[in-house]
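Novice: Pasting in a structure now, in structure tokens, and then I'll have a few things to ask.
The values are calculated or read from the model by the stated rules, or taken from the named source; none is laboratory data. Values in this document were obtained by computation on a predicted structure and should not be read as measured data. Here the Cβ is made from the backbone with ideal geometry for all residues, glycine too, and neighbour counts use every protein chain on show. Remember, those area values only see protein heavy atoms, side chains included, never the ligands or the DNA or RNA. Shrake-Rupley method; radii C 1.70, N 1.55, O 1.52, S 1.80 Å.
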Amino acid sequence: MNSASNGPAVVQLLVKGLKRLSRFLLPALLIGLIICPLLTILLRALVRDGHLALNQALTELLTSQHAQMIGNSLLLAALVVIVSTILAAPIAYFMTRSSLARHHWLDIILLIPFMTPPYIGAMGWILFMQKRGLLQQLLPGAAGLETCFFSLGGLVLVMSLHVFPFMLTMLKNALLNLPSGFEEAAAISGAGFGRRLRKVVLPLLSGNYAIGALLVFVKTLSEYGTPATLGQRIGFEVFTTDIHRYATVAPVDFAQAANLSFALIGICLILWMLQSWISRRHQYQLVGSGVRAQSQRGLSRRGTVFAWIYLSLVLLLAIGIPYFSILTTSFIKLRGYGLRAGNFTWQHYQDLFTANTKGRQALINSVGLALSSATLASILGTAIVLRLRRKPSGGRVDRGGRLLEATALLPEMLPGIVLVIGIMLFWNDLYRVIPLYNTLGIMVLAYTVLFLPYSVQYVSSAYSQLSPSLLAAASVAGGRPAYVLRRITLPLLFKGILSGWMMIFMIAFRELVTASLIAPPDTLVVSTYILREFEQGSVSLGMAMAVLCVLFTTGSLLLLNRLLKPAGHRRS
Amino acid sequence: MNIYLKAVTKEFNHQVVIKSTTLEIQSGRFTTLLGPSGCGKTTLLRLIAGLETADQGEIYFDRQCMYSASRHINVPPERRGLGFVFQDFALWPHLTVFENVAFGLRARHCRQQLREQVLQVLQAVRLEDCARRYPQQLSGGQQQRVAFARALVTQPACVLFDEPFSALDARLRESMRLELKAMVSRLGITAVLVTHDQTEAMSMSDRIAVISAGQIEQYDRPEVIYQAPLTPFSARFVGLSNWIDDWHMFRPENASLRPLAEARSFEVTIRSSQFLGSTYHISTAFGRYNWSLFSDRRLAPGQTCSVYIKPQNIIRIERGKE
């Protein structure tokens, strides 16, 4: 019937041997890729000159300079949580409880800020607000505003504008999952709008909100792109920029970098524990038969007008201004002449490819890295999910599996920079055995590790939508495990695997912090190219690359989405 | 409280859900809106409550206008002063039973004797011991009673029930039905019930409005609807109907398998016999129609026999064809 089940004995022996190997291979791989780098950080942070130096590590953390930086980081994260709530909460309400809910295109538009690399968004804002920047060219009266913008407030605004879609999605889903009966029952009981919001909606959302707020907090702590561009200009040091400085700027001090990384891991772990405690305590099992379509009685005409104005304003800030700045700068001939007819050109786009090989090489590097890491991470992620859900547990995850899953998901829970520092230190130590450090290979490895969680999550969710009886039916029909895997499981998981691959491709293509820490000398990728041109080269050239970067990632995303669609129809 | 709907219509996404409907629900009566799912009965109830807004027409509570499209009046649900029992109960999971019930009083700022009032109504539904529990800690029947208590605590003149028994199992449904009916009668409030269950409708109601495709087919006492259906839909939806031709039908209990004096007789073919305990349910074929009959013994499929019906038991459907 098929080659796998009727193959010669040698093949079967080989399969069996591989299976036995794979039992140890996956855990060993994850230990080597994730656990060892993290342990290296721990060792470097706490062991100095062969002695355990807890006290020393702690005193170093509490020096006034570091304490200030830690305070900065926490303050920034808290402020970003507040501002992104202000941006997201009203929109979440409008988009679930008013006629705005009918406009599904808004969902996609509102993802744009989150999909824009944060450093590109920040550069857009800098170009717009800086002295003699685009705003002041358009409105000369706005001179002086730059001092308001180049401050903690501006940093908070830009970071919130990047991260608020995340909060929005959380709140929106929570609101959608709230059976409309709760609010209707309150209305019938005589509660007006304010009271319904205060006594019913907000208490029921508090758990989801706390989770969303913590996620935003951790994301802000982990963010490098915006603090590295805008934060540097105002001298606002945070964890990520400090770690980056210790690891790259002479005199390089890996012990300090490890020490700070270790502290950052600690803070993140505490936050995640808090999050899991809240979600255990605050998830209401929603009583009743389930979710009904929300009635869109919603807002009065005045309310609807207000909703549109608010939404437009947020979109103007989150998308309009940064993209306007990036686009115009990439087309401007001479920045000194400003926005003027005749002062526009395609030259910068040509220069990217013709002026020297740097731009072309950066693009090639990024595409290569994105392709290879997306593929490797997808293979590894799929293998992990298949191992997790293997029989005989019948799709349920055993203890070893859960440990494996938790390890594979660690890179997403920890700030990227921390893991990259760990990988740097670990592979540096290992250089004599495996000379991977300072090659493109280490970049592929770091990207793969960093983005492995995406693959695991996408494949995992695809697997959980698979009815166990589909696989049982294949076995009963006589399919050996390898045959079932090839003919049933993998084809059904394909969409999930490909979605994960796409996501990784896109994020890897624009990744900044890993590339800026770990790239071999004179090796540029798209993100580091943009950053370098922005800071010391031709800003217009950098922005042309930024435009290409955004077009390329969204283009490939749309293309793959398109390709995936028919597959989805066939399946249903 | 009298509820008067005048030429009310409602569309969702250009699809007519309620065709122009006029209906008067009389004070103190138990009125049921009966119909298959998707017929618009729940929408009608939600229009009364103000949870949906009609496109045209007017809605009056006694003399007071609650909604008028032409005069731009639309009283929001929180100011209509009704009670409403939701299909899925919609008990707030973050509030205790006591606070769920007290919510309406607090919203109306009735702080005086709030505790006594809440406990009194909880006592009426026999849940005074559960006041401090959360809804999810209660059984289905208890949740149902909390939902009643919540609807009753503000002493509304009218309570609306949206399929209140559908989340309960069959046995519980029966006892809750009796309990609800008794309580509504005792308090003398106007009740409007929405259901697709004809037994529920017939056993509880003073008046039934049979609804099909957004239109009221018949509005009358349960007995009249059963014995003298006005439309083919009413005849089919309420009780079992055996059709002699497109215009004449009879109810199974009026037919006899033994000869009756002055009766018409019909030849039928037996298709199957089902034992129901007290009787056999016989499925038979009469021309292109299927008839349901009752018999005290099993009849073999394929056999033919005669059915006797007195002419006065043959109902002529006067209005329209489906």
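Novice: With point charges of +1 on the Cβ of Lys and Arg and -1 on the Cβ of Asp and Glu, referenced to the Cα centre of chain A, which listed residue (A:Ser73, A:Ile188, A:Leu260) lies farthest in the positive direction of the dipole?
Specialist: Among A:Ser73, A:Ile188, A:Leu260, the one farthest towards the positive end of the dipole of chain A is A:Ile188.
Novice: Right, here's the next one. Name the long-range amide H neighbours of B:Phe294: under 5 Å, sequence gap of 5 or more, or other chain; modelled H, no Pro or chain starts.
Specialist: Here B:Ile282 satisfy the definition.
Novice: Can I ask one more? Pull out the extension gain between A:Arg132 and A:Met413, defined as 0.36 nm times the separation in residues minus the alpha carbon to alpha carbon distance; nm, one decimal. It would help to have the intermediate numbers written out before the result.
Specialist: Values: separation 281, 0.36 × 281 = 101.16 nm, distance 4.06 nm.
Working it through step by step, the gained length comes to 97.1 nm.
Novice: Moving to a separate point now. With +1 on the Cβ of every Lys and Arg and -1 on the Cβ of every Asp and Glu, and nothing else charged, how large is the dipole of the protein assembly as shown about its Cα centre, in debye rounded to the nearest 20? List each step's numbers first, then the result.
Specialist: Details: 85 positive and 50 negative charges, 212 e Å.
My answer is approximately 1020 debye.
Novice: I would also like to ask the following. Evaluate 2.2 N^0.38 Å with N set to the residue count of chain B, then give the Cα radius of gyration divided by it.
Specialist: Values: Rg = 23.1 Å, N = 322, 2.2 N^0.38 = 19.7 Å.
Rg over 2.2 N^0.38 Å, computed on Cα atoms: 1.17.
Novice: ³J(HN,Hα) across the stretch B:182-195 via Karplus (A = 6.51, B = -1.76, C = 1.60, θ = phi - 60°), whole Hz, x for Gly/Pro?
Specialist: 4, 5, 5, 5, 4, 7, x, 8, 6, 10, 10, 10, 10, 7
Novice: Taking 7 Å along the Cα-to-C-beta vector as the label spot, tell me the B:Gln137-A:Lys19 distance in nanometres, rounded to one decimal.
Specialist: Using points 7 Å along Cα→Cβ, the separation is 5.0 nm.
Novice: Now for a separate question. Each label point is 7 Å from the Cα along the Cα-to-Cβ direction; what then is the distance between the points at A:Ser556 and B:Ser306, in nm?
Specialist: Those two pseudo-labels are separated by 8.7 nm.
Novice: Within the stretch B:186-209, whose backbone N sits under 19 Å from a point 7 Å along Cα→Cβ of B:Glu318?
Specialist: The answer is B:208-209, whose backbone nitrogens lie closer than 19 Å to the label point.
Novice: Rounded to the nearest 500, what is the 222 nm mean residue ellipticity of chain A from helices alone, with -39500 (n - 2.57) per DSSP H run of 4+ residues and division by all residues? The partial results should precede the final answer.
Specialist: Details: 29 runs with 412 residues, N = 572.
Calculated from helices alone, the mean residue ellipticity at 222 nm is -23500 deg cm²/dmol.
Novice: Let me ask something else. Under a straight-distance cross-link criterion of Cα-Cα below 22 Å, which lysines are reachable from A:Lys358, leaving out those fewer than 8 residues away in the same chain?
Specialist: Qualifying lysines at Cα under 22 Å: A:Lys333.
Novice: How much FRET efficiency would the formula 1/(1 + (r/R0)^6) give for A:Thr523 and A:Leu111, where r is the Cβ-Cβ distance and R0 is 22 Å, rounded to 0.05? It would help to have the intermediate numbers written out before the result.
Specialist: Details: r = 31 Å, r/R0 = 1.41.
Working from the Cβ atoms, E equals 0.10.
Novice: Related question: So for the protein assembly as shown, taking the charge dipole from beta-carbon charges (+1 Lys/Arg, -1 Asp/Glu), which of A:Tyr337, A:Leu139, B:Leu178 sits furthest toward the positive end?
Specialist: Comparing the listed Cα positions along the dipole, B:Leu178 ranks first.
Novice: Still on this structure, please answer the following. What does the C-alpha gyration tensor say about the overall shape of the stretch A:57-175? Classify as rounded when a/c is under 1.5, otherwise prolate if a/b is larger than b/c, or oblate. Spell out each step's value before the answer.
Specialist: Working: a/c = 2.58, a/b = 1.25, b/c = 2.07.
Note, shape of the stretch A:57-175 comes out oblate.
Novice: If you take the square roots of the eigenvalues of the alpha-carbon gyration tensor of the stretch A:63-345 and sort them as a ≥ b ≥ c, do you get rounded (a/c under 1.5), prolate (a/b over b/c) or oblate? Could you put the intermediate results ahead of the total?
Specialist: Working: a/c = 2.69, a/b = 1.31, b/c = 2.06.
The shape class here is oblate.
Novice: Quote the convex hull volume per residue of the stretch A:348-572, based on C-alpha atoms, as a whole number of Å³.
Specialist: Values: hull volume 31.5 nm³, N = 225.
Cα-based convex hull of the stretch A:348-572, divided per residue, equals 140 Å³.
Novice: If each of B:Asp62 and A:Ala477 carries a label point 7 Å out from its Cα toward its Cβ, how far apart are those two points in nm?
Specialist: Placing both labels 7 Å along Cα→Cβ, they lie 6.9 nm apart.
Novice: So, one more: Probe of 1.4 angstrom, ligands and nucleic acids ignored: what's the accessible area per residue over the protein assembly as shown, in square angstrom?
Specialist: Working: 41920 Å² over 894 residues.
That works out to 47 Å² for each residue.
Novice: Along the charge dipole of the stretch A:348-572, which of A:Tyr483, A:Phe426, A:Leu517 sits closest to the positive end, that is, farthest toward it, with unit charges on the beta carbon of Lys, Arg, Asp and Glu (+1, +1, -1, -1)?
Specialist: A:Tyr483
Novice: Roughly how big is chain B's charge dipole about its Cα centre, with Cβ charges of +1 (Lys, Arg) and -1 (Asp, Glu), in debye to the nearest 20? Don't jump to the answer; show the numbers that get you there.
Specialist: Working: 38 positive and 31 negative charges, 78 e Å.
It works out to roughly 380 debye.
Novice: For the stretch A:63-345, what relative contact order do you get, as a whole percent, if you take Cα pairs closer than 8 Å and at least 6 residues apart?
Specialist: Details: 297 pairs, mean separation 87.6, N = 283.
Normalised by residue count, the contact order of the stretch A:63-345 is 31 percent.
Novice: Oh, and also: What percent do you get for the relative contact order of chain B when only Cα pairs under 8 Å and 6+ apart count? Please list the in-between numbers first.
Specialist: Details: 646 pairs, mean separation 55.0, N = 322.
Value for chain B: 17 percent.
Novice: Name the residue, out of B:Glu58, B:Glu267, B:Glu200, whose mean-square fluctuation peaks in a Gaussian network model built on chain B with Cα pairs under 10 Å.
Specialist: Comparing B:Glu58, B:Glu267, B:Glu200 in a Gaussian network model of chain B, the most mobile one is B:Glu267.
Novice: Quick one: grab the alpha carbon gyration tensor of chain A, order the square roots of its eigenvalues as a ≥ b ≥ c, and give me rounded if a/c is under 1.5, else prolate or oblate depending on whether a/b is larger than b/c.
Specialist: rounded
Novice: Give me, ordered by chain and number, the residues 5 or more places off B:Leu193 or on other chains with an amide H under 5 Å from its own placed amide H.
Specialist: Here B:Thr31, B:Thr32, B:Leu33, B:Phe161 satisfy the definition.
Novice: With an 8 Å cut-off on Cα pairs and a minimum separation of 6 or more residues, tell me the relative contact order of chain A in percent. Intermediate values should be presented prior to the final figure.
Specialist: Values: 664 pairs, mean separation 114.7, N = 572.
Reported as a whole number, the value is 20 percent.
Novice: Right, here's the next one. Per 0.36 nm of contour for each residue apart, how much would the distance between A:Ile82 and A:Ala143 grow if the chain were fully extended, relative to their Cα-Cα spacing?
Specialist: Values: separation 61, 0.36 × 61 = 21.96 nm, distance 2.83 nm.
Extra length from A:Ile82 to A:Ala143 when fully extended: 19.1 nm.
Novice: Sticking with this one: For chain B, set up a GNM with springs between Cα atoms under 10 Å and report which of B:Ser205, B:Ser306, B:Ser241 has the largest fluctuation.
Specialist: Of the options given, B:Ser306 has the highest mean-square fluctuation.
Novice: Right, another one. Relative to the longest principal Cα axis of chain B, at what angle does helix B:97-107 sit, 0 to 90 degrees, rounded to 10?
Specialist: Approximately 70 degrees, to the nearest 10.
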